[in-house]
Every structure is written in C-alpha cells, then in structure tokens.
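Worksheet: the structure to be examined is printed underneath.
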Amino acid sequence: MTLAMHMANELLSIPVAAVTLVLAGAIVVAAAVIARRTPAPERLPLMGVMGAFVFAAQMINFTIPGMPGTSGHLGGGVLLAIALGPAAAIVTMTAILIVQCLLFQDGGLLALGCNIINMGVVPCLLGWGVYRLALGRARRAKAWRQYLAAWAACVVGMAGGAALVPIQARASDVLRVSLVDFLAVMIGVHLLIGLIEGLITFAVVAYLRRVRPEIVGLSQPDEAGRRLSPRAVAVSLFATALLLAGVVSWFASSHDDGLEWALGRRYGQAEGALGNPSPAAARATEVQAGLAPLPDYTLPPDGAGEGEAAEAAWPAIDGWGSLAGVVGTVVTLVVVYLASLVMRRRQPQKAAPAP
C-alpha cells in the first residue's frame, strides 16, 4: 500500500471515492472550458512538453533535508499554473495522473479523483492564488519577487493538497489514529517537500523568464537578444524530460516516501494507522495491477527479481525503469498535446473588424 500524496485504493471507501471522482471530473471539465476561452495562444502549445517535463520530474525522489531515511518528489502543480495558467494546469496534471495510474499503477484507481483534487486542483488553484498575491503586477515583476512568489506558492500548494489526505481517509472511516496527528505528519513532511519543490520551480521559472518571458507573464525580456523561439523552448524542455526519465532517475533516492517513513516512526508501522476492511479496495488493486503494463515503472511480476536487484544498488541503473520513464514521458506528451489541440480548435473565433 502506497502512503503518499498518490493515494492508494486502501485509503478510501467506495462512497468517498465516487464523490471525489465526480467532483474532480466536474472541475476538470470546467477548467478545460475556461482554458480554451483564455486568450493565451502562446501557452496552450506548451501544455504537452510541460506535462512531459512534470511527469519525468516526478520520477526523481530526493532525500528530505533534516529527515534522513525519507524522500519526496516534485508535485508540479504550481509550476504548471505559472507556465500555463491554473485552468490549463489542472487539465495537464489530470492527464499526468491518469497516465501514472493506468500505465504504472502509481496511485490507486479508486483514488484517482482524490489524487486529481489533491495534486492537481488544490496546488494549481491555491498555489496560483498565493503566487499572484505575492507577485503583484506580474508584467513588471522583478526576478527576486517572482522567485519568492513561486517558492511561497509551492510550499502552500503542496501542504494544502497533503492536508486533504487525512480528511479523505477519515471520511472513509479507515483512519485508526488521531486525525490531528495524521494532519501534523502530512503537513509537516510536505512543507519540507514544498521547499525543495520551490527550488526546482525557481530554476524552471528562471529559465523561462530568460528565454520566453511572456510565458511567465512578463512583457519584456530581462536582456535583449537572449530569447529562444517557442519551438526551441519546447524541444529543450522535452529533451530535459527524456534525460530525467531515462538517466537521472537512476540517481533518485531509494528511501521510503515521506508519509511511509513518518508513519513508521510514529506508529511502528503504516498498517497500524490505517485499515480498510472493504474487499472492494483489494479488488480494485488487483484489477489495476492486471491493467498496468509497467507496474511501479518496471516489468510485470515475471521480472520482479531483476527490479528488486536494481533497487538494492545506488545508482539504480535499470534499463526497464528507464524505458518505462521514457514511455510515460512520451505518452504524457501525446495525451496532453492532443488535449491542447482540442482546446485550441474549439476556441471561439473573434469577429472580423468592420471595414
């Protein structure tokens, strides 16, 4: 059972899973409608490569400073909201989570609605709100203020989404420990993860600010003559995504996810904090395992021995893991790019000016 912001099936009851899935679906549809009506033609073509970049970056777990033995990874919602706008960011993050769930069994099938809300909707909206509040006049923002705003948005957005996990588990009646304790664990760990996410977001925003400042809402480049074409920016981001998924993922931290580590230290074992007697959760996990062609970004059970051997070493040079990452990156690119094409095709046409 995976105890992370990618929630597992065992964390939810069927009613809560159904309600959150319907709610997430309605929000995503509304976001798609809003995104296609937003006059930002230079941003929609970027959806595919930004989605691929975030997918690949999420594969890189990093050790959390001050908490040896535990790790976290990029959420990406705030970065997407800054580059694409919050509505298009929600659509992009939804596509990423669906690809992760169906192809790699990363996040439970029953928990898909919760994961979309926790990792997509909340960081994109809450983080975007904090970002704009801290930024002020976006088109004339100084670099230091934009970076600070992005950092604050990542911390608040990450913690806000993480705080919903205990509430959803409590509503599902699977929580065996104090809700306050569980909230403290989730928020505390993910505040630290948000600080690291802010650093990654800082770097990408700095790059976009230099080469295509209009993507991050600026009216003027920092220095004349340093702009790249939109195609060059897209190629650079996609090449970086492939490098992250295919090679840098070998050097990802092999430590337990932050929540698994925290629950293990506080309660002795994760299973002591959570319990779902419903057979539906176990059945959903079995169905999902049968559908996912590369569960946990490696070979299906027949190749489990090789995967375990690769995990024991660091760096974990794993050809199948690299292949899974590259496949996921490309699939995410295609899915999100097709969604952006539909959204652009359906944009309302402005009436021609009268002669």
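The values are calculated or read from the model by the stated rules, or taken from the named source; none is laboratory data. In this text the structure is predicted, and so the values were computed from the model without any measurement. Please note: Cβ atoms are built from the backbone with ideal geometry, for glycine as well, and neighbour counts cover all protein chains shown.
What to note about this one:
- Within segment 42-60, residues that are over 17 Å from Leu243 (Cβ atoms) and touching a residue at least 60 places away in the same chain (Cβ under 8 Å) reach partners that are of a type outside the set (Asp, Glu) and outside any helix (DSSP H, G or I) with beta carbons closer than 7 Å, at six or more positions or on different chains, in the pairs Arg43/Gly85.
- If you go through segment 297-322 and keep only what is at pLDDT 55 or above and either of a type in the set (D, E, K, R) or under 11 Å from Ser249 (Cβ atoms) (or both), you end up with Tyr297, Pro315, Ala316, Ile317, Asp318, Gly321, Ser322.
- Leu208 meets the conditions (1) within 26 Å of Leu11 (Cβ to Cβ); (2) part of a helix (DSSP H, G or I) in every case but one. The failed one is (1).
- For segment 61-76, the criterion of being in contact (Cβ under 8 Å) with a residue 12 or more places away in the chain, in a helix (DSSP H, G or I) and crowded, with 23+ Cβ neighbours inside 10 Å is satisfied by no residue at all.
- Inspection of segment 104-117 finds no residue satisfying the criterion of being over 14 Å from the mean Cα position of the chain (by Cα), surrounded by fewer than 20 Cβ atoms within 10 Å (Cβ to Cβ) and within 30 Å of Gly290 (Cβ to Cβ).
- Within segment 160-205, the only residue that satisfies the criterion of being in contact with a strand residue (DSSP E or B) (Cβ under 6 Å, 6 or more places away or on another chain) and outside any helix (DSSP H, G or I) is Val174.
- Some residue of segment 175-183 being without any contact (Cβ under 8 Å) to a residue 40 or more places away in the chain, of a type in the set (S, T, N, Q), out of contact with any helix residue (DSSP H, G or I) (no Cβ under 7 Å at 6 or more places or on another chain) and under 22 Å from Met7 (Cα atoms): yes
To keep it simple, each residue is scored yes or no on (1) among the aromatic types (Phe, Trp, Tyr); (2) in a loop (DSSP other than H, G, I, E, B); (3) buried (at least 24 other Cβ atoms within 10 Å of the Cβ).
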{"site": "Val78", "(1), (2), (3)": "no, no, yes"}
{"site": "Ala83", "(1), (2), (3)": "no, no, yes"}
{"site": "Ala89", "(1), (2), (3)": "no, no, yes"}
{"site": "Thr92", "(1), (2), (3)": "no, no, yes"}
{"site": "Val122", "(1), (2), (3)": "no, no, no"}
{"site": "Gly127", "(1), (2), (3)": "no, no, yes"}
{"site": "Tyr147", "(1), (2), (3)": "yes, no, no"}
{"site": "Trp151", "(1), (2), (3)": "yes, no, no"}
{"site": "Met158", "(1), (2), (3)": "no, no, yes"}
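- Given (1) at pLDDT 80 or above; (2) more than 21 Å from Ala239 (Cα to Cα); (3) touching a helix residue (DSSP H, G or I) at 6+ places or on another chain (Cβ under 6 Å), number of the condition Arg346 does not satisfy: (1)
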